[in-house]
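Okay, structure first, notes after.
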Amino acid sequence: MKALPITEFDYTKRECGTCSECCQGHLYGDAHGIPFFPGQPCHYWDPSNSCGGCSIHKDRPPICSDFECLWKQTKQMPQWMRPDRTKVLMYQRAYQDVEGDYLEPGEVINWISAVECNQKMDSAMLSWLIQQARNNEWNLHYQINKVDHYLGSEVFHNFVNESANGVSQQLVYNENGQLVK
């Protein structure tokens, strides 16, 4: 697989418009101390708000203001693939293994995640995604019916298989939705 980061395809940025799939409980994070995770939308998401649903858009934390889905970043993503239209949120992920638990110490592995947003990914989207991953030598994590699948380098597959929590989650929450680590 290519050693270059996936951002090599950056171009003029697109605007979110009315799309707010990243706020609606498909990602893991914490906005001003309040966790959000799959099944639990951001506390500040309000679908009646004109700023794509964010009730604190001007004061949103860096985890929100810095996030850009793959549709916003790459010219390879056709216009029709905006997350609110496809109900698939695609974004870049990276893991640096500081201690050498899964990779060589200090090594970074990059991949694309494509998560379903409350409906099954359709075949046109899946076909495009797999074709792009193969043509561009991306490591890829994608969901079909909320089941995780992986495509990519041997190093990526070894990382997925060896990592205790897999790659589907970055933060851990207890049954009360409180951040554990």
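Scan the stretch 107-149 for residues that are farther than 24 Å from residue 20 by Cβ, buried (at least 20 other Cβ atoms within 10 Å of the Cβ) and β-branched (Val, Ile, Thr) and the total you get is 1. Applying the criterion of being at pLDDT 90 or above, in contact with a Phe, Trp or Tyr (Cβ under 8 Å, 6 or more places away or on another chain) and surrounded by 19 or more Cβ atoms within 10 Å (Cβ to Cβ) to the residues of the stretch 61-80, the residue that is nearest to residue 128 (Cα to Cα) is 70.
Can you tell me which residue within the stretch 21-44, out of those that are touching a helix residue (DSSP H, G or I) at 6+ places or on another chain (Cβ under 7 Å) and buried (at least 20 other Cβ atoms within 10 Å of the Cβ), is farthest from residue 63 (Cα to Cα)? Per the criteria, the residue is 21.
Residue-level analysis places residue 161 outside the set of residues that are loosely packed, with under 11 Cβ neighbours inside 10 Å and either in contact (Cβ under 8 Å) with a residue 24 or more places away in the chain or among the acidic types (Asp, Glu) (or both). Beta carbons closer than 6 Å, at least 6 apart along the sequence or on distinct chains, pair a first residue in the stretch 11-23 that is over 15 Å from residue 88 (Cβ atoms) with a second that is at pLDDT below 85 for 11/75; 16/52; 18/52; 23/53. Number of residues in the stretch 135-156 that are under 27 Å from residue 105 (Cα atoms) and either in a helix (DSSP H, G or I) or in contact (Cβ under 8 Å) with a residue 40 or more places away in the chain (or both) equals 10. When the stretch 71-109 is limited to residues that are within 13 Å of the chain's Cα centre (by Cα) and assigned to a helix (DSSP H, G or I), the one that is farthest from residue 119 (Cα to Cα) turns out to be 73.
The values are calculated or read from the model by the stated rules, or taken from the named source; none is laboratory data. Fair warning: this is a prediction, and the values are worked out from it, not measured in the lab. Quick reminder, even Gly has a Cβ in these numbers, built from the backbone with ideal geometry, and neighbours come from all protein chains shown.
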